Each structure stands twice: as structure tokens, then as C-alpha cells.
Amino acid sequence: MANLKSLAKDTAIYGLSSIVGRFLNYLLVPLYTAKMSAASGDYGIVTNAYAYTALLLALLTYGMETTFFYYANRKDENPARVYSTTIITVGTTSLLFVALVTCCIGWIAPWMGMAYTQHPSYIITMAIVVALDAFQAIIFAYLRYLKKALKFAALKLLFIFLNIGLNLLYFVALPAMYNHWPEVVGTIYSPTVGVGYVFYLNLACTLTVMVCMYKELTAVPWRWDGKLLRRMLGYSWPILILSVAGVINQSASQIIFPKIYPGSDGAAQLGIYGAAIKIAMIMALITQAFRYAYEPFVFGSKRDTQDEAQSKQMQADAMKYFLIFTLIAYLAVLAGIDVLKRIIAPDYWVGLRVVPIVMAAEIMMGIYFNLSFWYKLTGKTLWGAVFSGIGCLMLLLVNWLFIPQYSYMACAWAGVAAYGSAMLLSYVVGQHYYPIRFPLRDMALYTVLAAVLSAAALMVDIESEWLSTAYRMVLLLLFCGVVFKREHLDRMLAKAPVVGRFFRH
């Protein structure tokens, strides 16, 4: 229980930085959708560009985050040597990537299409950003290894606050000032740059965070161990395939949509989809926060405990509570959808129908991540590449077949097909190699109950937004009440300080 409490504490800190940071970053969504109309397709360019960066980030880290945790927690390895070898290697490949993109920009821009041909600087700028992000990913992993959750959170929030501030400056304040004092403001702002400021400001914020990491850059002597790297790459290459396939599952729809969609408004349709799924990203926040704490927790407990049964039981309990909290979040988003939709401009609301589907896919992705530890702990990482590869093929197939007819709705269902297939395969094979007795009966009960309540929320049409929200809140509270009763949360809360006295009998 103490280990689970530690996991919950770290998850709360990581989650605070992710959830609060993403919530604050949501300020940019109404800003962008207000300044970039759905018909213009500018927000489609932003959606497309960040989909590429997500894929490239997976390629440039090539599984070295998880590999770092695996080797740093091995008793026969020197953690400082593991860290220095990892950061030197990832830093070198990141520099080579930027050089390659810069040299080949002449044919990369036309191949990507959309507005990139006229603005190749967008590509070079984001190439530098993603290279820095890959390098920083190892430093953030090192902070997680040291359990410096507070500094991790502080750096993440620094980026968010700075990014929001600069975007408000360049998309609101400076344009207004430019109308009155163009000669003065024109030295730092030009209205012709437009959507380009999204990318340039991102680079400025990333560089600022890089400066703040100087202590971690000098924390250990920089020594490169070629023999250690070969062992690490042997472990990481299946994770690379796993990561790339996972990112493709998340981002391929945004990448390939403009190339498959038959209409001339592909960028506009992609922008609507990209704006709508921002509301569904609360699931991504929860799974990301859980991952930040869970990965070092599992590897550390594997090293520290000699009782494998106890370790498996902790993983089973963590899986159940993860599912419970994500289902609560799912119903909470549905309950507040009439409020949450106002973070995007009204001309993007037509895409809100994808929100429940995308959230369901994110829950499946989170379960799949939790199930993935059996092959990470046993070293059978090739299985992860197989599962994610199959999921990736499912996603590409559904997109290819159905985008021409169903537009971005096909993208949403493709995620369900991809993560659902990978999740089921990982569970079936994992029970053979690393059996864990998950509380399937409880998990099935909560899933079915949440599905019934969500159907009741979506199928009952109430004209008044306030009454609709109240009705859906009742459904959410009903689910929470069932969980509270079945999980005996009153007993747990009775032991808590301050609030415990309200639950003691």
C-alpha cells in the first residue's frame, strides 16, 4: 500500500504539471480558432505539423527513455554511465537530423504539400524544436529516475506559461498595437507571418527550457560507452518500433488526411477534427501523468522487491484504479461538454461528435500501456513492436478505406480499432509469458456501467444546455457512487487526515 501511495503522489505531481499545463495551454485553442477560421485551413496546418513532430520525436528518441530506466535500475550497471551514454547518443543523432532536414528542404517542402512549399521555414523551425525535444526527453527521464517530480513539473509549466504569454502577445496584443503604431511595433511583429508565429514561438520556449536544464547537463561526467550502447540498442530497437507505431496510431490520421480526403477543403476538415479532439485530450493527460510515475515505479519495484507475486498484485491493482479514474474522466467530459466546447470557436463545433470516440480510444491506449510492462520486464520487447505494428496497420487500413466517405469520423474510429486490437493481443499473449490476475470482473462491471451511462447521456436530447449538463452530472454521480460503495472508499478515507473524521463510524 505504501508503494501505491508513492505512485499516487508522484502521479499527482506529474499529473498536476500535465493537466494544469494542458488546461492553461487550452487558452491557445480558443485563440487559434478565433484568429484562424475553420474555412481558412490554417489550424489544419498547425494540426498537421504537430502530427509530424510527434512521429519524428518517437524516431529521434528511438526508445531510449524506457531503455535508460531499464539499464539505470540494473544492479550491474552504473547509472551515471548509462545517463551520459544515452544523452550523448541522442544529442548526436538529433543534430544530424537537423542538418539533414536543412540540406533536403528543397524536396521535403513540396512533398509535404499544403502551405509548406511557400513557407519552408516552418519545417526547419519544427525540425529544430523536435530535435531539442528528443534531447530534453532524456533529461526529463533522468529527473524522473531521480524522482525529482517537482523540478520536472516546474520545467513543464515554465514552457506552458511562456508559450501562452508569447502567443497572447503575438496574436492579440501586438496586432492591436500594430494598427496604431506600425512603425514601432513592426520591428518585432509582422502581420504577414500569421500562423508561422505558432512555430517560431514554440522554438523560443523550447530553447528557454533547455537553458534551465544546465544542472542536469553537468550532473555527471560525459562519458560515452560504446559497448553499453550496443546492449542498450539491442533492448531499445523493438521499443522504437513500438513507439513509432504508437505515435502513428495517434498522429497518422492527421498526417495522411490531407492526402486521402478527396475534397478541396482537406485542411479545413482537418482543422475541425484537430480542434475537436483537444476536448478529448483529458484522457491523454491522465495516461501521460500515470505513465510518468508508473514507468520508474514498476522498474524500481522489480529491482527492490523479491516477491514477484506482490509486484504483480500491485500492477493488477494499479490497472483497476487506472480504469476507474479514466472512466470517471470520460463521464465528466460528457457531462461538461456544453461548457468545454466553448474553448473552440463555434464554427468548429460540428466536430464534437468525435469526442466520445476519441476518449474511448485513449482509454484503450492507457490500458495497453499498462499491459505493456510484461514484455518490458521480461526483455521480450519484440512483442511490443508486433502488437503496435498490428494496431498501426489497422489504423492505416481504416483511414484509407473510410476517410474518403466519412471524413474525420473515420479517423476517430480508426483509433479505436488500432488501440483495441493492440490491447487485446497484449493481454492474451501476456497471460502466457507473464500472467497477472487482473480483477476482470470488477473492470468489466465498471466498463459496462460507464458504457450504459454514456449511452444514456448521448441518446437523450435535452434542448436546454443547463438541464442537459445537470442530467449528465447525475449520471456521473451515479457511477461515482457505485465505485465508492464497491471499492469501500469510505474505509480508505477514514484513515486520511482532516477529511477522515467525516468517514469514521
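What follows draws every value from the coordinates through simple rules; no lab data is involved. For clarity, every value in this text was computed on a predicted model and none was experimentally measured. When we count neighbours, we look across all protein chains shown, and the Cβ atoms used for this are built from the backbone with ideal geometry, even at glycine.
Ratio of Rg to Rh for the range 409-496, alpha carbon only, Kirkwood? List each step's numbers first, then the result.
Working: Rg = 17.8 Å, Rh = 16.3 Å.
In the range 409-496, Rg relative to Rh is 1.09.
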³J(HN,Hα), Karplus 6.51/-1.76/1.60, whole Hz, each residue of the range 446-456, x for Gly, Pro: 5, 5, 5, 4, 5, 5, 5, 5, 5, 5, 5
Computed P(r) (all Cα pairs; the range 195-263; 10 Å bins; percent): 15, 18, 35, 25, 7, 1
Peptides ranked, highest mean first, by Cβ atoms within 10 Å: ranges 161-167, 436-442: 161-167, 436-442
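Relative contact order of the range 2-459: what whole-number percent is it, with Cα pairs under 8 angstrom and at least 6 residues apart?
Relative contact order here is 25 percent.
Computed FRET efficiency, Cβ-Cβ of Arg437 and Leu477, R0 41 Å: what is it to the nearest 0.05? Working shown, then result.
Values: r = 31 Å, r/R0 = 0.76.
Efficiency for this residue pair is about 0.85.
Between the DSSP loop rule and a limit of at most 14 other Cβ atoms within 10 Å, which chymotrypsin sites (Phe, Trp or Tyr not before Pro) in the range 217-269 are left? Numbers along the way, then the final one.
Details: sites: Trp222, Trp224, Tyr235; in loops: Trp222, Trp224.
When the chymotrypsin sites (Phe, Trp or Tyr not before Pro) of the range 217-269 are filtered for loop state and at most 14 Cβ neighbours within 10 Å, Trp222, Trp224 remain.
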3J(HN,Hα) from dihedral phi, the range 59-71, Karplus parametrisation 6.51/-1.76/1.60, rounded to Hz, x for glycine, proline: 5, 7, 8, 5, x, 6, 5, 5, 5, 4, 4, 4, 7
Overall dimensions of the range 62-119 by Cα: Rg and Dmax, Å: 17.7, 54
Integer Hz, Karplus 6.51/-1.76/1.60 couplings in order for the range 138-147, x for Gly and Pro: 6, 5, 5, 5, 5, 5, 5, 4, 7, 6
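Multiplying the sequence separation of Val172 and Ser464 by 0.36 nm and subtracting their Cα-Cα distance, what value in nm do you get? Intermediate results must be reported in sequence, preceding the final value.
On the way: separation 292, 0.36 × 292 = 105.12 nm, distance 3.31 nm.
My answer for the length gained is 101.8 nm.
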The range 73-155: radius of gyration and largest Cα-Cα distance (Dmax), Å: 17.1, 54
Footprinting exposure proxy for Trp466, Trp383 (fewest neighbouring C-beta atoms within 10 Å first): Trp466, Trp383
Packing-based exposure ordering (other Cβ within 10 Å, fewest first) of Arg230, Arg81: Arg230, Arg81
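Could you give the length gained by full extension between Trp181 and Ala456, i.e. 0.36 nm per residue of separation minus their alpha carbon distance, to one decimal place?
On the way: separation 275, 0.36 × 275 = 99.00 nm, distance 5.53 nm.
Answer, rounded to one decimal: 93.5 nm.
Return the FRET efficiency for the residue pair Thr192, Arg231: r is the Cβ-Cβ distance, R0 is 51 Å, and the value is rounded to the nearest 0.05.
Working: r = 52 Å, r/R0 = 1.01.
For R0 = 51 Å, the calculated efficiency reads 0.50.
Over the range 53-163, what is the relative contact order in percent, taking alpha-carbon pairs closer than 8 angstrom and at least six residues apart?
On the way: 77 pairs, mean separation 36.4, N = 111.
In percent, rounded to a whole number, it is 33.
Using 0.36 nm per residue of separation minus the Cα-Cα distance, give me the extension gain between Leu95 and Leu146 in nm, one decimal.
Working: separation 51, 0.36 × 51 = 18.36 nm, distance 2.66 nm.
15.7 nm is the gain from fully extending Leu95 to Leu146.
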Globularity index of the range 2-459, i.e. its alpha-carbon radius of gyration over 2.2 N^0.38 Å: 0.98
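Which order results if Tyr43, Tyr200, Tyr50 are arranged by neighbouring Cβ count within 10 Å, fewest first?
Values: Tyr43 28, Tyr200 16, Tyr50 19.
By the 10 Å Cβ count, ascending, the order reads Tyr200, Tyr50, Tyr43.
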Label point distance in nm, Arg223-Ala204, each placed 7 Å from Cα along Cα→Cβ: 4.2
Equivalent ellipsoid dimensions for the range 107-218 as semi-axes, Å, which come from the Cα gyration tensor, largest first: 31, 20, 10
